[in-house]
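Okay, structure first, notes after.
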Amino acid sequence: MRWVSMATGRGRQLQPPWRGLMARPPPLGGDGSARGRAGKAAGGLGFRTGRGVRLVAGCAALGHRARLDELCGKSCTGCSVSLDGLPSEILLKILSYLDAVALLCAGCVNRRFYHLANDNFIWIRIYSTAFSPKRSNWKVNSVEKTAVSMNSLSVGDKEAGYWKKEYITKQIASVKAALARVLKPLHPYTGLPVKTKEALRISGLGWVIILKENSGKEHILEHVDLSFNDSSVTAMWYGKDWPRLVTLSTLDLCGVTPVFLNRSQTPMKNGPRWHSLIAKYNLSHLTESTMLGCDRLIRIFCLHPGLVVGLWKREEELAFVMANLHFHHLVERSTLGSAAIPYELPPHTPLSDDSPECGLSGYQLHVDMHSGGVFCLCGTFRNLSTSKGYIENEYMKLSVISFKNSTEHLPLIGKVGLSWKTNIFDGCIKSCSVMDLTLLEEYGKPFWCFSSPVCMRPSPGPSDGPAFLGETYRVDYADAEGRVHLELVWIEETGEYFIVSLALYLRVAKINHWFGTKY
């Protein structure tokens, strides 16, 4: 057996001690001058070379092997050496060659390795290398010189693991600062960060779902596919080894980021990562909830916020999971929470409303409808306003497209359908789509944002509007902050849908909380 130092490859190869002894046998006479005579004696007594080489041990070599076997207490062919059996001093020397990621992994082996991997002298070297001040006019010290130059007494006085915690804390803080700089520029139409995709790349952010069984067993699945849209990202999970639906209780959607980030390398999936809970969903009564749509193979169900669960029609088992994530605070929600508690936005300071008696004014709406990277609607509406007279049933209506104004009516481009795929099959569920909505208030800040699947359903048509030549449909969405109502007409001659009405219903409690008003 041969042991090799981990991760960096800079440590020497560790071999069992009996191999070193056999490679360089001690002199039979007991002093250095006897080595040559012993070699001659061995050569004269038993070593033969030539064609069909055969090595026969001489009496001196056999005697040495016998004494070694007696020392080991068993035959050398059964000898083994484990890292855990080495003295702590040697293990600390080996661990000092590892980087931060490998050192954290080594600390997960057992309790002894955990305490050894917390050594402050090892971590202060890593800390000083990563965060030592940059000097251009002076020669930078090596890692060893920098560590020695620090106050050794303060290192020894700190509790075990102090410098490891300091290093991890500062690494996370540096990543947060870099992300804040990237996310600072905002898009003029959506009010969202322009460089969200770059921020996701810098942070190494990904998403997982954790399926929890009633027995407590967990299944952690990495996202298989990502699709970036103008104001959202869609993550997909599919495969062959889904657990049975009847055994599942909940589904946790989490963002995962590497604890230590090296921008020059692709993040390691097996390295230490931070989980941030985004949402928790109940799967116990999934099939009893309202079905969003279906085709010949799949039925899909929607779980708020923004989750689509596809079930095979025949087996009633999981086929795929799709999460629709709006860009608004996505990086914060995916990185700043914990594995058990979602990230909470900082407390909102109410903005001053110059004319509360006039209602809402100067609002801007950006809405998309898409699936599989194909958009059927992408529209921006500016200078939206409403008055206090449109408050009804704790909602304030904000009209975007009116029945009576035909110049505002818009067509949907192409076919409407929600695309899905698995390892073997793919398809498209008609009349379903993903809606991304971003509403900016008068100061240009996001007031209401969501990304969720929606479905067109037959409608009797508007009672207070003109009569349309064609079948009418509606799209409805609702959450804790508001509702969306969309009316469409199918024009048979042109084979397309026209939006003839679009209205937002904002919850009055949200408006009062945002502006400090008392509607």
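The values are calculated or read from the model by the stated rules, or taken from the named source; none is laboratory data. Note that this is a predicted model, so its numbers are computed, not measured. Positions of Cβ are backbone-derived with ideal geometry, glycine not excepted, and every protein chain shown enters the neighbour counts. In case anyone asks, the SASA skips ligands and DNA or RNA and just uses the protein heavy atoms, side chains included. Shrake-Rupley method; radii C 1.70, N 1.55, O 1.52, S 1.80 Å.
Filter region 93-107 for residues that are open to solvent by 50 Å² or more (accessible area, probe 1.4 Å) and over 15 Å from residue 168 (Cβ atoms) and give the result.
Passing the criteria: 93, 97.
Which residue pairs have Cβ atoms closer than 6 Å, lie 6 or more positions apart in sequence or on different chains, and pair a first residue in region 477-494 that is open to solvent by 50 Å² or more (accessible area, probe 1.4 Å) with a second residue that is in a strand (DSSP E or B) and not hydrophobic (A, V, I, L, M, F, W, C)?
Matching pairs, first to second residue: 481/507; 483/505; 490/497.
Scan region 381-412 for residues that are open to solvent by 50 Å² or more (accessible area, probe 1.4 Å), out of contact with any helix residue (DSSP H, G or I) (no Cβ under 7 Å at 6 or more places or on another chain) and assigned to a strand (DSSP E or B) and jot them down.
The answer is 382, 383, 385, 392, 399, 410.
Could you check region 183-206 and list, in sequence order, the residues that are of a type in the set (S, T, N, Q) and at pLDDT 85 or above?
Hit for region 183-206 is 196, nothing else.
Which of the residues spanning region 121-132 are assigned to a helix (DSSP H, G or I) and open to solvent by 10 Å² or more (accessible area, probe 1.4 Å)?
121, 122, 125, 126, 127, 129, 130, 131
I want to confirm something. Restricting to region 447-474 and keeping residues that are open to solvent by 80 Å² or more (accessible area, probe 1.4 Å) and in a loop (DSSP other than H, G, I, E, B), which single residue is modelled with the highest pLDDT?
The residue in question is 471.
Any idea which residue in region 278-295 is farthest from the chain's Cα centre (by Cα), counting only those that are of a type in the set (Val, Ile, Thr) and surrounded by 12 or more Cβ atoms within 10 Å (Cβ to Cβ)?
Here the residue is 287.
Which fully enclosed strands (runs of 3 or more DSSP E) of region 174-266 have 2 or more residues being hydroxyl-bearing (Ser, Thr, Tyr) and either touching a residue at least 24 places away in the same chain (Cβ under 8 Å) or buried (at least 17 other Cβ atoms within 10 Å of the Cβ) (or both)?
Because the criterion is at least 2 residues that are hydroxyl-bearing (Ser, Thr, Tyr) and either touching a residue at least 24 places away in the same chain (Cβ under 8 Å) or buried (at least 17 other Cβ atoms within 10 Å of the Cβ) (or both), the strands (runs of 3 or more DSSP E) in region 174-266 that meet it are 232-238, 248-258.
Suppose the filter is assigned to a loop (DSSP other than H, G, I, E, B), on the phi > 0 side of the Ramachandran plot, of a type outside the set (Asp, Glu) and open to solvent by 40 Å² or more (accessible area, probe 1.4 Å); does residue 444 pass it?
Numbers: assigned to a loop (DSSP other than H, G, I, E, B): yes; on the phi > 0 side of the Ramachandran plot: yes; of a type outside the set (Asp, Glu): yes; open to solvent by 40 Å² or more (accessible area, probe 1.4 Å): no.
So residue 444 fails the test.
What residue, of 371, 385, 406, is among the hydroxyl-bearing types (Ser, Thr, Tyr), under 18 Å from residue 439 (Cβ atoms) and out of contact with any Pro (no Cβ under 6 Å at 6 or more places or on another chain)?
Of 371, 385, 406, the one residue that is among the hydroxyl-bearing types (Ser, Thr, Tyr), under 18 Å from residue 439 (Cβ atoms) and out of contact with any Pro (no Cβ under 6 Å at 6 or more places or on another chain) is 385.
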